[in-house]
Amino acid sequence: MTGDPLLSISDLRTQFATDRGRVKAVDGVDLTVREGETVGLVGESGSGKSVTALSAMGLVDDPGEIVSGEVKLRSPELAEEFRSRRKNPGFVDGDVVDLTAAPEESLRAVRGGEMSMVFQDPMTSLNPALTVGEQVGESLRLHQYGGRKKDNWLNAVREILPKMGNDLDEQVVERAVEVLSEVGIPEPTTRVDEYPHEFSGGMRQRVLIAIALACRPGLLVADEPTTALDVTIQAQILDLINDLQDELGMSVLMITHDLGVVAETCDRVAVMYAGEIVEEGPVEEIFGNPSHPYTYTLLESIPTEEKERLTPIEGNVPDLIDMPDGCNFAPRCPWAKPECTEGDIPYLQHGPEGVDHRSKCVLDDFDTNEYGEDDALAAADHDVGEPLLETEGLKKHFSRADGLLDEWLGLDGASVKAVDGVDLTVYDGETLGLVGESGCGKSTTGRTLLRLLEPTEGRVVFAGDDLTDLGKDDLRKKRRDMQMIFQDPMSSLDPRMTVGQIVTEPLKIHDLPAEGSGDRSAREQRRERVTELLEAVGLDPNQRARYPHELSGGQRQRVGIARALAVDPDFIVADEPVSALDVSVQAQILNLMEDLQEEFGLTYLFIAHDLSVVRHICDRIAVMYLGEVVEVADTDELFADPKHPYTQALLSAIPEPDPTADTDDRVILEGDVPSPINPPSGCHFRTRCPQVIPPTDVDIDQEAYREVMNLRQRVESRNIDVEAVRAEAAAGPESGANTKAATDGGAPEDRRGTEDGGAPEDRRGTEDGGAPEDRREATDGGAADSAADTGVSSATTDTSGPTNADDDTVATLRERYFEHDLRGENRRVVDAALAALVEGDWETAESTLRERFESVCEREDPELGDEAHPAACHLYDAN
């Protein structure tokens, strides 16, 4: 075990009162989180994961209540604090605090102090009206700087007035800046005054983590902290949480449905189903020896390289009001026996001696060879024919003008270049995957192909017809052959229409079936067609009278697919059709789409960000980045030999559902996708590319050159707080070891840290590990050259040149932005640019760096060739 128990949950039961009865969301949960360990809580939606965490923190709102059980937190500091405030508090026993018995006032001291929570969606969790500094400061004020004040008018005025002036207490500001720096927010001294909408999705999640960690809690509850993030940003956040856990020694309760995340981050795993923990044990045991049928079938639902066809879990999570007798999973279990539906189900121990691996199942083991024999047969190969759809130079730009007058006067500013010159070919009968991070233009491309959005430029040729030339009537007729499956069925299905009406609607729009096509009326034929479609997508025709809210997520997506199939199309754009679904339901939908493709001869454009899903269902894959396609290849070839550095990073970031997998060589991309309003020149990926190409006449290590390019981007965007660095340099090395800017999402380092991982060097220290040299000596072994080696250009070396304080600021800037060696001319040019920054001459700094370090990647646009496996990257120009 990692350490002593920190959080202990015993027989916890949380219920919600409804008109239909009591919902047993958490039904007898026992769970322990020890000091320093990470425990994963996994299961399908509705299994009770989040309610368990909310119950532990006393955050369950009406009509919910904790009806029984205990939640105990071991904290000597809190126990002593409560004893000092209250005489003989009944909820404190030694060093242990009973959270279920503690009053709300005491729970407020726990939440944000000893226990903190990171929620799933940062945009809804952060207050849009407050700066991030104020939101971090709120937790600090409550727990460390003054505590909670009484609710009265005077304190309300005192609370509001500082916020109106944006003037946080100096100590709180300093601590907020420090915390933001720890979680990898660049230039925290300036960004502390920005609002949540000014941050990217990944940075907003970092702000939430900063708020949670501001008071150094012993336990962090992370509720789906990466679900809303791209795989590359997810890798950054998970890496950050792991680093902070190592640094702070805290425990983590990781709630997620992503088994790959669990495998890579957790020490132990608890699997929940219908309000109960059905299996718990070390992560290696759970993945290597799953002992509950639910755990095994959940793992079997994950798309992997070896599986030709997925084996989904049949059925749905039971109604938590009317639970089945015995095992809750028995109605869906392939190995269920009569004794599974009777009485209480015991926990049995599994695994080697000394390992606590328990499973709530009457079976000692079960024959996995019996599972999936009927449904998991290899999918038949489908024929791929001639090109069905082709795009040439497709562009979709969105104007930023407020109205027609602004457009006419040319006041619209730069447009949003969502799709910026896409060439694609989709062959008849194939599934082409379109992948990339959020904001790269995938969904806009799909909608523009169907002319749901009007293209700005380019051609879309479908079955020989140029869709961009078609009029409204001709386009409507053509849409019979082209349909779309949307990402979120709950928002794309009309809540006021029944399932039957939703599926019938496209038949009515396109006047199908045609008049005189049979002896029966059109209404009867449409009803029969709806029945066929519902059966084809695996729904009971008796569900035609239900409304979308009465269906599960998977059933709603099946309705969306049936609607798309209603007019018998040839081509379907599937826009993230499984991203909102649990892994078991996802497997059902993927199998269904493959079956329908085989039955109806469909062609798919499958848009997704989950590359494991894309690998399973797609014949070819096109990778998009910032409005452009950067690589296209057959699926197997792309995964075996990715060419473009962006593709390599995407594939590297996929979480492996295997705790023994080696992830040391994972590529963690720096920063976020740039704005499509003003995309970078040349290769759009160059601002984040770990393989950006240095000039041929510059001898520099790749890692150091990436840091130079990061510095250039900061200089060009004026995103360096020179005054804060100047103050830091003046305060000396003890001023705060954790304020080194994190440009890649990593954990902070000592600001005096070396560039090669050694011990901190003298601020005048060498670049090659030797004794500290005088700053006036030549860095490359030549004669002393004061102007060059102090980093000051010849234009600034007059008698009123930089002071020692300026030299210290230059050194601090270099130490802040560089971890790798810079030698000789590279060091002198960088120092010259930094000296110009210190003097406030941004233009000189920018031009100095550009003249020395300009890359072919920023001068020239890479072209996507027409070979079998093209990649738009200058690394392949010579080939």
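The values are calculated or read from the model by the stated rules, or taken from the named source; none is laboratory data. Note that the structure is a prediction, hence the values are computed from the model and not measured. Here Cβ is always computed from backbone atoms with ideal geometry, including for glycine, and neighbour counts include all displayed protein chains.
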Condition check: surrounded by fewer than 20 Cβ atoms within 10 Å (Cβ to Cβ), in a helix (DSSP H, G or I) and at pLDDT below 95. Does GLU598 satisfy that? yes
Test result for VAL461, at pLDDT 95 or above, more than 22 Å from LEU596 (Cβ to Cβ) and touching a Lys or Arg at 6+ places or on another chain (Cβ under 9 Å): no
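Please tell me if ALA274 is of a type in the set (Gly, Ala, Ser) and on the phi > 0 side of the Ramachandran plot. Step through it out loud before you land on a result.
Numbers: of a type in the set (Gly, Ala, Ser): yes; on the phi > 0 side of the Ramachandran plot: yes.
So ALA274 fits the description; yes.
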Could you grab me the full set of residues in the stretch 689-707 that are more than 27 Å from the chain's Cα centre (by Cα) and surrounded by 15 or more Cβ atoms within 10 Å (Cβ to Cβ)? ILE693, PRO694, VAL698, ILE700, ALA704, TYR705
Return the pair list, or none, for Cβ contacts closer than 6 Å from residues in the stretch 665-681 that are over 17 Å from ASP861 (Cα atoms) and touching a residue at least 24 places away in the same chain (Cβ under 8 Å) to residues that are buried (at least 16 other Cβ atoms within 10 Å of the Cβ) and among the basic types (Lys, Arg), at least 6 apart or on different chains. LEU669/ARG688; GLU670/ARG688; GLY671/ARG688
Out of everything in the stretch 601-620 that is among the β-branched types (Val, Ile, Thr) and part of a strand (DSSP E or B), what residue ends up being surrounded by the most Cβ atoms within 10 Å (Cβ to Cβ)? ILE607
Residue satisfying condition, being at pLDDT 95 or above and either within 22 Å of ASP469 (Cα to Cα) or not in a strand (DSSP E or B) (or both), within set LEU405, LEU388: LEU388
Would you confirm whether any residue within the stretch 26-34 is modelled with pLDDT under 90 and touching an Asp or Glu at 6+ places or on another chain (Cβ under 6 Å)? no
Only one of these is surrounded by 17 or more Cβ atoms within 10 Å (Cβ to Cβ), charged (D, E, K, R) and assigned by TED's automatic domain parsing to the domain that holds SER579: ARG520, ARG479, ARG496. Name it. ARG479
Flagged pairs (Cβ under 7 angstrom, 6 or more apart or on separate chains; first in the stretch 454-474, under 15 Å from THR444 (Cα atoms) and assigned by TED's automatic domain parsing to the domain that holds LEU394; second among the aliphatic types (A, V, I, L, M) and surrounded by 17 or more Cβ atoms within 10 Å (Cβ to Cβ)) are PRO455/LEU394; GLY458/LEU394; VAL460/LEU394; VAL460/LEU449; VAL460/LEU467
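Among GLY560, GLY538, which is the only one that is in contact with a helix residue (DSSP H, G or I) (Cβ under 8 Å, 6 or more places away or on another chain) and part of a helix (DSSP H, G or I)? I'd like the intermediate steps shown before the answer.
Numbers: GLY538 fails: part of a helix (DSSP H, G or I).
Only one candidate passes the filter, namely GLY560.
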Against the conditions (1) closer than 28 Å to GLY3 by Cβ; (2) surrounded by fewer than 21 Cβ atoms within 10 Å (Cβ to Cβ), where does ILE286 fall short? Just the number, please. (2)
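Between ASP4, ASP11, ASP98, which is at pLDDT 95 or above and surrounded by fewer than 14 Cβ atoms within 10 Å (Cβ to Cβ)?
Values: ASP4 fails: at pLDDT 95 or above; ASP98 fails: surrounded by fewer than 14 Cβ atoms within 10 Å (Cβ to Cβ).
Of the residues listed, the single one that is at pLDDT 95 or above and surrounded by fewer than 14 Cβ atoms within 10 Å (Cβ to Cβ) is ASP11.
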Pairs under 6 Å by beta carbon, first residue over 12 Å from VAL629 (Cα atoms) in the stretch 413-429, partner hydrophobic (A, V, I, L, M, F, W, C) and outside any strand (DSSP E or B), six or more apart or different chains? ALA414/ILE677; VAL416/ILE677; TYR427/VAL384; GLY429/VAL384
Taking the stretch 14-45 only, how many residues are out of contact with any helix residue (DSSP H, G or I) (no Cβ under 7 Å at 6 or more places or on another chain), surrounded by 23 or more Cβ atoms within 10 Å (Cβ to Cβ) and closer than 14 Å to SER251 by Cα? 2
Just one of the numbered conditions (1) assigned to a helix (DSSP H, G or I); (2) outside the structural domain of ASP699 (by TED's automatic domain parsing) is not true of GLU843; which one? (2)
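Got a sec? Which helices (runs of 4 or more DSSP H) wholly within the stretch 132-232 have at least 1 residues that are at pLDDT below 85 and crowded, with 21+ Cβ neighbours inside 10 Å? Talk me through it step by step, then tell me what you get.
Values: elements: 132-143, 153-164, 170-182, 188-191, 201-213.
Fully inside the stretch 132-232 and qualifying: 132-143, 201-213.
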Hey, any hits in the stretch 9-31 for a residue that's farther than 30 Å from GLY315 by Cα and without any contact (Cβ under 8 Å) to a residue 60 or more places away in the chain? no
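Restricted to the stretch 413-431, and to residues that are aliphatic (A, V, I, L, M) and assigned to a strand (DSSP E or B), which residue is modelled with the lowest pLDDT? Walk me through how you get there before you give the answer.
Taking the stretch 413-431 first, the residues aliphatic (A, V, I, L, M) are 414, 416, 418-419, 422, 424, 426.
Pick out the ones that are also assigned to a strand (DSSP E or B) and you get 416, 418-419, 422, 424, 426.
Values: VAL416: 89, ALA418: 93, VAL419: 96, VAL422: 96, LEU424: 95, VAL426: 97.
Of everything passing the filter in the stretch 413-431, VAL416 is modelled with the lowest pLDDT.
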